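The values are calculated or read from the model by the stated rules, or taken from the named source; none is laboratory data. As the structure is a prediction and not an experimental result, all values here were calculated from the model. Cβ placement follows ideal geometry from the backbone for every residue including glycine, while neighbour counts extend to all protein chains displayed. Protein only, heavy atoms only, side chains kept; ligands, DNA and RNA dropped before computing areas. Shrake-Rupley method; radii C 1.70, N 1.55, O 1.52, S 1.80 Å.
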Amino acid sequence: MIPRIALAAAVLGASLSGAVAKTQHGASGPDDLVTSFALDNGMEVVVVEDHRVPVVQHMVWYRAGSADEPVGQSGVAHFLEHLLFKGTDTLAPGELSATVAANGGRDNAFTSYDYTAYFQRVASDRLELMMKMESDRMVNLRLSEGDIVTEREVILEERNQRTDNNPRALFGEQLNAAQYLNHRYGQPVIGWRHEMEELDMADALSFYGTYYAPNNAILVVSGDVDPAEVKTLAETYYGVIPANPDLPVVRQRSKEPPQNAERRLIYKDPRVAQPYVQRSYLAPERDAGAQEKAAALYLLAELLGGGTTSYLANALQFDQQVAVYSGAFYNGVSLDATSFDFLIVPADGVSMEDAEAALDASVTQFLEEGVDPDQLERIKLQLRASEIYARDNVDGIANRYGRALTSGLTIADVQVWPQILQSVTPDEIIAAAHEVLRPEVSVTGWMMRQEEGE
């Protein structure tokens, strides 16, 4: 499932409503000063200070994504994301984005399985204007039937371009659907076409009315800001919005039944230029206060397929020369169970059967040999360096906290993650591999070229 593929800290105390908690990260990298508090209506606010450049990233994250959609309405979360750029009582359609641009900034939004997020990046002194507009469309969205028809055509065309005209995307959809038989992770974020075509005003407004409320939202502000000022502005613009008393206490997710048989699929398309084999295994996600297993899986992916110096690259691409590309992927930021993935692109003249067999043999050999301590230390050193470079990315900082908090993690989890990665041992990595890389929880797919006459 490629779409789901791809600090050392003090523990943050619990924030009472209106109270402010701070934590400073500095043991293994530059200072990362985080302030968090909650508004009386339940909205969470996270402020990450970086005063080197007079720029701010303002983001509102909703704990609602495609996996929260009602059955039969796949794509409604993404559809609503588009519709939020229409008008409100005080903003004309398109005015929000035009205002951001006129103030020298940029804005956009994105939808995933577990969240929907809206952001603006502007000069620091424009923060109040961003809060005023974003809080307005949290509750005052105004839609016409014309808006529904227009944006429905837009998302259908987006599906045409990104999915229906892309055999890799179509293959990925089928792989996801085979991996998740009942959980909503098995449906595409953009939606199934036949259900997208039926989305209407009532569907969009129902999702909006249920999930777009301050007690289901997280405000993340990163950059050149003062936490006290952010608190005042947040209380002024977001704090006056009533909480939704009917918001589900627990996110309503369909449960995936136990998988006890490996699954296989073959996807053929005449547009396929390069056949490849992809396999996914159900894998545990990062859980609050218990991220050690996820850290071991993350490092396992790096060791096996994290680049041209990885184990699979050396074995399959250079030594055996049976592949032109190989990789392993794991992204644990997920509310529910995620996946661990392999991908191998056979070299010319190598069959899919032989490529898959070579992948299996190489993984087995890796597990028998164990982790190379020098390679593990090299990866950990790279991770320490990447944490330092990440401090230069205001967008990335806000995204890191937003994704984590909407996926069930805490600020403390985000900040201690690098320390946990550094503490993982070779034995823990091998143990996690044996637990996850089991045939009965796997899906193996072949993407192949459909030849003329087939």
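Only a single item in (1) open to solvent by 10 Å² or more (accessible area, probe 1.4 Å); (2) aliphatic (A, V, I, L, M); (3) in a strand (DSSP E or B) is not met by Val333, and it is number (3).
In segment 236-251, is there at least one residue being at negative phi, of a type in the set (D, E, K, R), outside any loop (DSSP other than H, G, I, E, B) and more than 22 Å from the chain's Cα centre (by Cα)? Within segment 236-251, none of the residues are at negative phi, of a type in the set (D, E, K, R), outside any loop (DSSP other than H, G, I, E, B) and more than 22 Å from the chain's Cα centre (by Cα). Answer yes or no as to whether Tyr325 is of a type in the set (Phe, Trp, Tyr), crowded, with 21+ Cβ neighbours inside 10 Å and not in a loop (DSSP other than H, G, I, E, B). In short, no. Going through (1) more than 20 Å from Ala337 (Cβ to Cβ); (2) open to solvent by less than 50 Å² (accessible area, probe 1.4 Å); (3) modelled with pLDDT under 95 one by one, Ala243 falls short only on (3).
Where helices (runs of 4 or more DSSP H) fall entirely within segment 98-197, those with at least 2 residues that are surrounded by 18 or more Cβ atoms within 10 Å (Cβ to Cβ), touching a His at 6+ places or on another chain (Cβ under 8 Å) and modelled with pLDDT of 95 or more are at 127-139, 145-159. Looking at (1) in contact with a strand residue (DSSP E or B) (Cβ under 8 Å, 6 or more places away or on another chain); (2) under 30 Å from Val225 (Cα atoms); (3) of a type outside the set (Val, Ile, Thr); (4) buried (at least 17 other Cβ atoms within 10 Å of the Cβ), can you tell me which one Leu91 breaks? So Leu91 meets the others, but not (1).
All conditions but one from (1) more than 19 Å from Leu367 (Cα to Cα); (2) part of a helix (DSSP H, G or I) apply to Ala313; the one that does not is (1). If the condition is being closer than 21 Å to Val221 by Cβ and open to solvent by less than 50 Å² (accessible area, probe 1.4 Å), then segment 401-416 contributes Tyr401, Gly402, Ala404, Leu405, Thr406, Ser407, Leu409, Ile411, Ala412, Asp413, Val414, Gln415.
May I ask you to say which residue of Asp413, Asp392 is within 21 Å of the chain's Cα centre (by Cα), not polar (S, T, N, Q) and not in a helix (DSSP H, G or I)? Give the steps one after another, and end with the answer.
Values: Asp413 fails: not in a helix (DSSP H, G or I).
When all the criteria are applied, what remains is Asp392.
Looking at Leu312, Leu316, Leu304, Leu299, which one is surrounded by 21 or more Cβ atoms within 10 Å (Cβ to Cβ) and within 19 Å of the chain's Cα centre (by Cα)?
On the way: Leu312 fails: within 19 Å of the chain's Cα centre (by Cα); Leu316 fails: within 19 Å of the chain's Cα centre (by Cα); Leu304 fails: within 19 Å of the chain's Cα centre (by Cα).
Among Leu312, Leu316, Leu304, Leu299, only Leu299 is surrounded by 21 or more Cβ atoms within 10 Å (Cβ to Cβ) and within 19 Å of the chain's Cα centre (by Cα).
Pairs meeting the criteria (first residue in segment 362-388 and on the phi < 0 side of the Ramachandran plot, second residue open to solvent by 40 Å² or more (accessible area, probe 1.4 Å) and assigned to a helix (DSSP H, G or I), beta carbons under 6 Å, at least 6 apart or on different chains) are Phe366/Tyr311; Val371/Pro426; Ile379/Glu302; Lys380/Gln422. Within the bounds of segment 205-224, is there any residue that is open to solvent by less than 20 Å² (accessible area, probe 1.4 Å), farther than 29 Å from Lys132 by Cβ and within 19 Å of the chain's Cα centre (by Cα)? No, segment 205-224 contains no residue that is open to solvent by less than 20 Å² (accessible area, probe 1.4 Å), farther than 29 Å from Lys132 by Cβ and within 19 Å of the chain's Cα centre (by Cα). Cβ-Cβ distances below 6 Å connect the following pairs, each with a first residue in segment 284-296 that is within 22 Å of Glu377 (Cα to Cα), a second residue that is open to solvent by 50 Å² or more (accessible area, probe 1.4 Å), and a separation of six or more residues or different chains: Ala296/Glu428.
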